[in-house]
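K.L.:
Mind having a look at this structure? Questions to follow.
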Amino acid sequence: MKDAFGIPQSLLVLGGTSEIALATARRLVARRTRTVWLAGRPSPALDRAAERLRDLGAEVRTVAFDALDPESHEAALGKVFAEGDIDMVLLAFGVLGDQAHDEREPLNAVRVAQTNYTGAVSAGLISARALQAQGHGSLVVLSSVAGERARRANFIYGSSKAGLDAFAQGLGDALHGTGVHVMVVRPGFVRSRMTEGMAEAPLATTPEAVATAIELGLRRRSETVWVPGALRVVMSALRHLPRGVFRRLPV
Ligand SMILES: NC(=O)c1ccc[n+]([C@@H]2O[C@H](COP(=O)([O-])OP(=O)(O)OC[C@H]3O[C@@H](n4cnc5c(N)ncnc54)[C@H](OP(=O)(O)O)[C@@H]3O)[C@@H](O)[C@H]2O)c1
């Protein structure tokens, strides 16, 4: 169960090597979280991530999970929930893709969409059902400001995040009043493996800052979290710019 401040005792990370997710797990383990499941594609990186969290004192287990194989999700996630209650599910998997390349190779673009959107629809619904059966818990979804308004430079990724974001909002409404809380997290540019080597966007932030915002959001039981917070105002303005003006912006 979560404590009175909303900090989970048990955490399931979907996308167990995600830098943002691991910064969040470290932060929560430093508070009260004792059990962590890292679900991800089996790899030495996943094992190393588990080992590092064990070094911090958590009991950590890994489970094979591939967002691109939704037919396996029921069994993979069922195994985790069968072992005991999960107070928080962090849906963190995602791929950025390579926009220019993926425009030329539609099957690559489809993989971005299937990972970020349809993979999340499947894993999100299964997690939500399990949390609802427990009667408590949070589903925290890593969306992105990229989903707020499609940009020429990354509309394949952006549209997949727009779908994910809308899905998570609707799921949150569907679960309102059930004891299950859905929190949509919209970071801007985060310095992580995903953005390595890319030119930084304004208001760039870190995985640790996203982790801090997630902890605060859990304590407040927020439904939406922007990281950094200033992006809420910036994106609200950008969202309403006329197309012709938005198109000419260097974003
Ligand atoms: N970095 C940013 O600027 C930024 C900004 C806003 C939102 N986000 C979102 O935040 C989330 C975490 O990103 P991050 O910055 O922590 O990047 P990251 O370190 O690259 O993490 C991405 C994660 O997705 C996993 N993944 C990719 N394809 C998968 C699949 N088919 N099945 C299972 N797992 C898969 C990766 O696992 P493998 O180890 O198996 O590849 C990795 O754990 C993503 O959803 C991302 O879109 C990131």
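K.L.:
How many nm separate the modelled label positions at SER43 and ALA64, each set 7 Å beyond the Cα in the direction of the Cβ?
P.N.:
The modelled label-to-label distance comes out at 1.6 nm.
K.L.:
To the nearest 20 debye, what is the magnitude of the charge dipole of region 1-123 about its Cα centre, counting +1 on the Cβ of each Lys and Arg and -1 on the Cβ of each Asp and Glu?
P.N.:
Result for region 1-123 is approximately 560 debye, rounded to the nearest 20.
K.L.:
Given the options ASP102, ASP87, ASP165, which has the most mean-square fluctuation in a GNM of the chain, springs set between C-alpha atoms less than 10 angstrom apart?
P.N.:
ASP102
K.L.:
Name the shape class, rounded, prolate or oblate, that the alpha-carbon gyration tensor gives for region 184-236, where a ≥ b ≥ c are the square roots of its eigenvalues, rounded holds for a/c under 1.5, and otherwise prolate holds if a/b is larger than b/c and oblate otherwise. Kindly include the intermediate steps, with their values, before the conclusion.
P.N.:
Details: a/c = 2.81, a/b = 1.53, b/c = 1.84.
Taking the square roots of the gyration eigenvalues as a ≥ b ≥ c, region 184-236 is oblate.
K.L.:
Now a separate question. Give the dimensionless ratio obtained when the Cα radius of gyration of region 10-248 is divided by 2.2 N^0.38 Å. Mind dumping the intermediate values first?
P.N.:
On the way: Rg = 17.2 Å, N = 239, 2.2 N^0.38 = 17.6 Å.
Taking N as the residue count of region 10-248, the ratio is 0.97.
K.L.:
OK, next. Once you have the Cα-Cα distance between ASP3 and HIS240, take 0.36 nm times their residue separation minus that, and quote the gain in nm to one decimal.
P.N.:
Values: separation 237, 0.36 × 237 = 85.32 nm, distance 3.99 nm.
That pair, ASP3 and HIS240, stretches by 81.3 nm at full extension.
K.L.:
Within region 187-202, list the residues whose amide N lies under 11 Å from a label point set 7 Å along Cα→Cβ of ALA230.
P.N.:
Counting backbone N atoms under 11 Å from the label point, the list is 202.
K.L.:
Here is a further query. Please grab the % of Cα pairs in region 91-170 that end up more than 22 Å from each other. Could the numbers behind the result be given before it?
P.N.:
Numbers: 836 of 3160 pairs.
So the pairs more than 22 Å apart make up 26 percent of the total in region 91-170.
The numbers here are math on the coordinates, done by the rules we state, and not lab data. Treat the numbers as computed from the prediction; the structure is a model and nothing was measured. Here Cβ is always computed from backbone atoms with ideal geometry, including for glycine, and neighbour counts include all displayed protein chains.
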